Amino acid sequence: MVITTPGVISGFTLGSTPLSAMSSALPPVSSAPPPASRHPVGLVLLALAVGGFAIGVAEFAAMSVLPHFARGFDLDPARAAHAISAYALGVVVGAPILAVMGARSPRWLLLIGFMLLFGLGNVATALSTNFPSMLVFRFLSGLPHGAYFGIAALVAASLVPLHLRARSVAAVMSGLTVATIVGVPIATAITQALDWRWTFGLVGALALLAAILVALFAPRDTARRSANPWRELDALRNRQVLLTLAIGCIGFGGMFAVYAYLGSTLENVTDVEPSVVPWVFGVFGLGITIGNLVGAWLADRFGMRSAAWVLLWSAAALAVYPFAIGRLDTMIVAVFLVGTLGALPTILQTRLMDVAGDAQNLAAALNHSAFNLANAIGPYLGGLALLQGGGFASMGWVGVSLSLGGLALWAMAKIDARGSALAFGRGV
């Protein structure tokens, strides 16, 4: 890559500019003054996190209630998992389109619009009369997911000093991780007591609440008339951006391979009572939440180097999983360990802020496209393993392979960045 102007990255050849000469040339998301806000930073982050909570319930509860809508539509678990993949593909498609289209719009208005669109999609999912219509509405629900988290991360990072930005981004992501502890078990219990449709109706209500809170507390930034939507597409020509996205796309797939079939595994292999299932999902959520906090600390302190440590840990945790699923006590430990892989997203999100130059909106949104491609790839490969007779234990081995693939991509990114201002060091 050639550094053409401070904070703008283009081309495909790494330059040799020393890190010290570029220390003031980080992207504008980190150095620009925060938008005007009448409210404390904590309230702003809370409003953004509620949106993350709604998205977390929609994304992860769909996996926990998969056995229920599978029975409702008379499907086997492998086919029912297509609803999870449909949502994930919606994120992949929607994130770049909405990010580019909204390049010039005030970010607080974009966040409100994304939440309203998300809520409508989930209400429509709740009203689905057959599985094909559910797939369509799940896809539509996923469209604003990545764009919301990407813009929310940029807003959060703009409110704090550079050395705290990963922790600020993690505060937004905590809405999603807390959803896995609180929201998903509650949604699962509601599904067991009533019907799976109530879960998606609940998500619609949460999305409306998030839109109201963002309207009340988010900083009122103005339209960026100088922004060029086409310049956002430069992110797609930036090798460091693409490699960072690929790490998330492949390396995070293992966690989703396990999570997508966790409910079915608990029922069919671990042989637990239905009332226990929500609590095990809560343990998974606790692992994700702790991983998110640890990952933010690692990102602020060690930069992109910490992604390799997380991927190695991921492979080890997923290798334990196949041996643990036969008993509830060992299953709880394994589920917690796999959940801690939630450390990876914030590390990659802050890396993208460093390497994306003027394409901040698109790069931030694409991070969530990458993780939702992982959400499509992991369950899909897990489904193939099931169809080949591998059993639910094979989810762990699918995950190990994906984690090691992510580590290989990390090594490629490190080699590509060597000797440049974008090297894997502290804070960059």
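Throughout, read-outs are computed from the coordinates displayed, never taken from laboratory work. Quick caveat, the model's predicted, so the values are computed rather than measured. Cβ coordinates were reconstructed from backbone atoms using ideal geometry, including for glycine residues, and neighbour counts include every protein chain displayed.
If each residue's Cβ is checked for other Cβ atoms within 10 Å, how do MET331, MET395, MET134 rank with the fewest at the top? Walk me through the numbers on the way to the answer.
Values: MET331 21, MET395 33, MET134 25.
With the fewest neighbours first, MET331, MET395, MET134 line up as MET331, MET134, MET395.
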Which of HIS68, HIS145 has the fewest Cβ neighbours within 10 Å, and the rest in rising order: HIS68, HIS145
Say we join alpha carbon atoms closer than 10 Å with springs in a Gaussian network model of the chain; which of LEU236, LEU298, LEU352 then has the biggest fluctuation? LEU236
Phi-based couplings in Hz for the stretch 293-298 (Karplus 6.51, -1.76, 1.60; Gly and Pro marked x): 5, 5, x, 5, 5, 4
Comparing SER401, SER133, SER306 in a Gaussian network model of the chain (Cα, 10 Å), the one with the largest mean-square fluctuation is SER133
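Quick check on the exposure proxy: order MET115, MET255 from fewest to most C-beta atoms within 10 angstrom.
Working: MET115 26, MET255 30.
Sorted ascending by nearby Cβ count, the order is MET115, MET255.
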Using only alpha carbon pairs under 8 Å that are at least six residues apart, calculate the relative contact order of the chain and give it in whole percent. 27
Let a ≥ b ≥ c be the square roots of the eigenvalues of the Cα gyration tensor of the stretch 131-277; is it rounded (a/c under 1.5), or, if not, prolate (a/b larger than b/c) or oblate? prolate
Between the stretch 327-341 and the stretch 129-179, what is the C-alpha centre distance in whole Å? 25
Return the sequence-ordered ³J(HN,Hα) values of the stretch 124-129 in whole Hz as given by the Karplus equation 6.51 cos²θ - 1.76 cosθ + 1.60 applied to θ = phi - 60°, using x for Gly and Pro. 4, 4, 4, 9, 4, 9
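So if I average 1/r over every pair of distinct C-alpha atoms in the stretch 204-327 and take the inverse, what Kirkwood radius in Å does that give?
On the way: mean 1/r = 0.0536 Å⁻¹.
Evaluated on the stretch 204-327, it is 18.6 Å.
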Using the Karplus equation 6.51 cos²θ - 1.76 cosθ + 1.60 (θ = phi - 60°), what ³J(HN,Hα) coupling, rounded to whole Hz, does each residue of the stretch 309-325 give in order, writing x for Gly and Pro? 5, 5, 5, 5, 4, 4, 4, 5, 5, 6, 5, 6, 3, x, 8, 10, 6
Taking amide H atoms as placed 1.01 Å from N in the peptide plane, list the residues 5 or more away in sequence, or in a different chain, whose amide H sits under 5 Å from that of LEU159. none
